[in-house]
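**Q** Attaching a single structure in structure tokens format; questions to follow.
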Amino acid sequence: MNTEKVDVLVIGAGPAGCVAASIVHQAGFKVKVVEKEKFPRFVIGESLLPRTMEALTEAKLLDAVNAKGFQQKFGAKFIRGKEVCDFNFKEQFTKGWEWTYQVPREDFDLTLATAVQAMGIDLDFETAVTAIQFKGTDSITTTIDKSGKENKIEARFIIDSSGYGRVIPRLFNLDRPSNLPMRKTMFAHIEDPDRSEYDEPNRINVVVHEPQTWIWVIPFSNGYTSVGFVGFPEFHEKVKGMEPEAALRFLINSEPQIAKRFGDKKFRFTPRTLEGWSVTTDKFFGDGFVLTGNVTEFLDPVFSSGVTLAVSSSQLAAQLLVRQLQGEIINWQVDYQQTMQKGVDTFRTYVNAWYDGSLQEVFFAPNINLDFKKQICSVLAGYVWDDENPFVRKHAKALKALVEVLRLEQTNR
């Protein structure tokens with residue numbers, strides 16, 4: 001059994017892991033990345049937010065992404081019947097990035113991992129973590145590769161960016177159920193030759209199908225568009241027993257504007273389902289480790305927050321870890337967990353308001369105040385740590401107050 005010594009072990013080679021590994025590596029520390037899967041591999045989270053670009057820039061990964069020619073994204077459009085609410089990231093409150101990308105994740109994630117390897121960072125694919133022993137902040141991690149060979153990695157610190165794998169939470173029983181209801185999605189990539197007939201493809205479309213069921217439409221530069229239905233599990237009971245392709249076609253043809261565009265188009269792969277994704281932990285860090293990305297909490301895909309929270313948490317965790325490895329004492333509770341929880345809680349407010357219908361009242365209000373719209377646009381762009389924005393600083397109260405005002409205006413008409 002081989003034993004390798006590094007400064008930092010990163011678990012997971014997705015966007016969170018790559019951002020963290022690169023930032024720590026740039027500071028001059030020896031980094032090792034282990035990834036259970038073989039890349040490229042499929043995962044959802046295809047519509048990025050502008051805040052993501054800041055993390056990619058600091059991690060020196062943006063040039064590699066730019067070179068791939070992914071579909072640029074300039075906003076988000078919400079549609080309910082004939083009602084449309086269009087957010088343009090150029091018209092937001094927070095000073096920051098005004099655009100981002102829509103990406104097939106298998107291509108995007110492989111691009112980041114390849115760029116990390118090109119920096120000289122050691123990255124082992126098809127390598128699973130089976131055990132971790134901590135002694136203070138030092139650790140010994142046991143891994144097993146695709147051939148069945150065990151190896152040990154001694155590290156001064158571990159960054160767990162394992163996403164849905166949730167390595168440390170599962171090994172140390174840190175997982176907690178989310179307070180969000182269980183939802184389910186069925187999705188596929190579909191040929192989209194008629195996109196020029198629509199106001200596309202430079203934004204995500206979110207289509208209200210039923211009050212608590214919605215559809216994502218995410219065009220890519222490769223000619224395919226990702227289409228997914230998200231709702232409570234009981235919504236999907238109507239296609240129970242159908243073959244996956246027949247089930248998704250049934251759902252597509254039940255929404256007129258989606259049916260017109262995609263009803264008879266070819267699927268790139270057999271439709272897939274995902275459910276029960278909301279999970280959390282009450283501890284984002286410990287002696288010798290920090291959790292980043294979906295390992296902390298994944299909320300819901302409605303506002304495309306997953307990758308943004310993933311790379312932003314890894315960016316912050318890596319910055320703090322570098323300072324700690326350089327001898328500084330870090331208050332992980334205040335500087336990391338409370339900071340990240342603030343962003344998660346802000347998004348949570350908007351997710352809950354979307355599903356209870358109050359946020360849809362805001363989006364589809366006939367005469368919403370443009371300053372309010374700009375402030376909400378910044379939230380949708382991922383700037384959920386901007387305390388100058390009242391819809392971030394007091395997100396729950398500000399949104400509730402706006403809904404009440406709009407309802408009063410509606411009553412007085």
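The values are calculated or read from the model by the stated rules, or taken from the named source; none is laboratory data. Nothing here was measured: the structure is a model prediction, and the numbers come from that model. Cβ sites come from the backbone with ideal geometry, for glycine too, and all protein chains shown count toward neighbours.
**Q** Look through the stretch 77-90, keep the residues that are in contact (Cβ under 8 Å) with a residue 24 or more places away in the chain and over 23 Å from residue 256 (Cβ atoms), and return whichever of them is surrounded by the fewest Cβ atoms within 10 Å (Cβ to Cβ).
**A** In this case the residue turns out to be 88.
**Q** Name the pairs whose Cβ atoms lie under 6 Å apart, with the first residue in the stretch 27-39 and under 11 Å from residue 113 (Cβ atoms), the second in a strand (DSSP E or B), and 6 or more positions between them or separate chains?
**A** 33/10; 33/123
**Q** Which one of these is within 30 Å of residue 149 (Cβ to Cβ), touching a residue at least 12 places away in the same chain (Cβ under 8 Å) and surrounded by fewer than 22 Cβ atoms within 10 Å (Cβ to Cβ): 42, 70, 74?
**A** Answer to the check: 42.
**Q** Here is a follow-up. Counting only residues that are in contact with a Gly (Cβ under 9 Å, 6 or more places away or on another chain) and either among the acidic types (Asp, Glu) or closer than 30 Å to residue 234 by Cβ (or both), how many does the stretch 166-202 have?
**A** At the first step, the residues of the stretch 166-202 found to be in contact with a Gly (Cβ under 9 Å, 6 or more places away or on another chain) are 167-168, 172, 174, 182-188, 191-193, 195, 202.
With the extra rule that they be either among the acidic types (Asp, Glu) or closer than 30 Å to residue 234 by Cβ (or both), the set shrinks to 182-188, 191-192.
So the answer is 9.
**Q** In addition: Can you name the strands (runs of 3 or more DSSP E) wholly within the stretch 227-346 that have at least 1 residues being modelled with pLDDT under 95?
**A** Passing ranges, in order: 272-275, 279-281.
**Q** Additional query: For the list (1) surrounded by fewer than 14 Cβ atoms within 10 Å (Cβ to Cβ); (2) touching a residue at least 60 places away in the same chain (Cβ under 8 Å); (3) touching a Lys or Arg at 6+ places or on another chain (Cβ under 9 Å), I need the number of the one condition that residue 191 fails.
**A** (1)
**Q** Which residue pairs have Cβ atoms closer than 9 Å, lie 6 or more positions apart in sequence or on different chains, and pair a first residue in the stretch 129-148 that is assigned to a loop (DSSP other than H, G, I, E, B) with a second residue that is among the aromatic types (Phe, Trp, Tyr) and surrounded by 12 or more Cβ atoms within 10 Å (Cβ to Cβ)?
**A** Close Cβ pairs (under 9 Å, with a partner that is among the aromatic types (Phe, Trp, Tyr) and surrounded by 12 or more Cβ atoms within 10 Å (Cβ to Cβ)) amount to 137/157; 137/289; 146/125.
**Q** Hey, another quick one. Do any helices (runs of 4 or more DSSP H) entirely within the stretch 360-413 hold 3 or more residues that are touching a helix residue (DSSP H, G or I) at 6+ places or on another chain (Cβ under 7 Å) and under 18 Å from residue 98 (Cα atoms), and if so, which?
**A** Output list reads 370-380.
**Q** May I ask you to list the residues in the stretch 217-260 that are closer than 20 Å to residue 45 by Cα, touching a residue at least 60 places away in the same chain (Cβ under 8 Å) and not β-branched (Val, Ile, Thr)?
**A** If the condition is that a residue be closer than 20 Å to residue 45 by Cα, touching a residue at least 60 places away in the same chain (Cβ under 8 Å) and not β-branched (Val, Ile, Thr), then 219, 220, 221, 222, 224, 226, 228, 248 are the ones that fit.
**Q** Being at pLDDT 95 or above and not assigned by TED's automatic domain parsing to the domain that holds residue 289 narrows it down to one of 23, 79, so name that one.
**A** 79
**Q** When the stretch 86-128 is examined, which residues are found to be assigned to a strand (DSSP E or B), within 27 Å of residue 148 (Cβ to Cβ) and among the β-branched types (Val, Ile, Thr)?
**A** Residue satisfying the conditions is 127 alone.
**Q** Within the stretch 209-222, restricting attention to residues that are more than 14 Å from residue 107 (Cα to Cα) and over 18 Å from the mean Cα position of the chain (by Cα), which residue is modelled with the lowest pLDDT? Show your work before the answer.
**A** Taking the stretch 209-222 as the starting set, the residues that turn out to be more than 14 Å from residue 107 (Cα to Cα) are 209-219.
Narrowing further to those that are over 18 Å from the mean Cα position of the chain (by Cα): 209-213.
On the way: 209: 96, 210: 91, 211: 87, 212: 90, 213: 95.
Here the residue is 211.
**Q** Moving to a separate point now. If the requirement is being buried (at least 22 other Cβ atoms within 10 Å of the Cβ), outside the structural domain of residue 259 (by TED's automatic domain parsing), β-branched (Val, Ile, Thr) and at pLDDT 95 or above, which of these qualifies: 141, 114, 130?
**A** On inspection, the qualifying residue turns out to be 141.
**Q** Follow-up. So which residues in the stretch 104-128 are of a type in the set (A, V, I, L, M), in contact (Cβ under 8 Å) with a residue 60 or more places away in the chain and over 18 Å from residue 37 (Cβ atoms), if there are any at all?
**A** Residue satisfying the conditions is 119 alone.
**Q** If I filter the stretch 347-361 for residues that are out of contact with any strand residue (DSSP E or B) (no Cβ under 6 Å at 6 or more places or on another chain) and closer than 17 Å to residue 283 by Cβ, do I get at least one hit?
**A** So far as the stretch 347-361 goes, no, none of its residues is out of contact with any strand residue (DSSP E or B) (no Cβ under 6 Å at 6 or more places or on another chain) and closer than 17 Å to residue 283 by Cβ.
**Q** Another question about this same structure. Would you please name the residue that is surrounded by the fewest Cβ atoms within 10 Å (Cβ to Cβ), looking only at residues in the stretch 327-369 that are touching a residue at least 24 places away in the same chain (Cβ under 8 Å), polar (S, T, N, Q) and under 30 Å from residue 156 (Cα atoms)?
**A** Among those residues, the one meeting the criterion is 333.
**Q** Condition test on residue 237, is it of a type in the set (Asp, Glu) and either surrounded by 14 or more Cβ atoms within 10 Å (Cβ to Cβ) or within 22 Å of residue 360 (Cβ to Cβ) (or both)? Before the answer, list the steps.
**A** On the way: of a type in the set (Asp, Glu): yes; either surrounded by 14 or more Cβ atoms within 10 Å (Cβ to Cβ) or within 22 Å of residue 360 (Cβ to Cβ) (or both): no.
Here the answer is no, as residue 237 does not meet what is asked.
**Q** Could I ask something else about it? Can you name the residue in the stretch 144-153 that is of a type outside the set (S, T, N, Q) and surrounded by fewer than 15 Cβ atoms within 10 Å (Cβ to Cβ) and is also farthest from residue 30 (Cα to Cα) among such residues?
**A** Only one residue tops the list, namely 148.
**Q** Would you point out the residue of the stretch 194-220, among those that are over 17 Å from residue 49 (Cβ atoms) and of a type in the set (Phe, Trp, Tyr), that is surrounded by the fewest Cβ atoms within 10 Å (Cβ to Cβ)?
**A** So the residue we want is 198.
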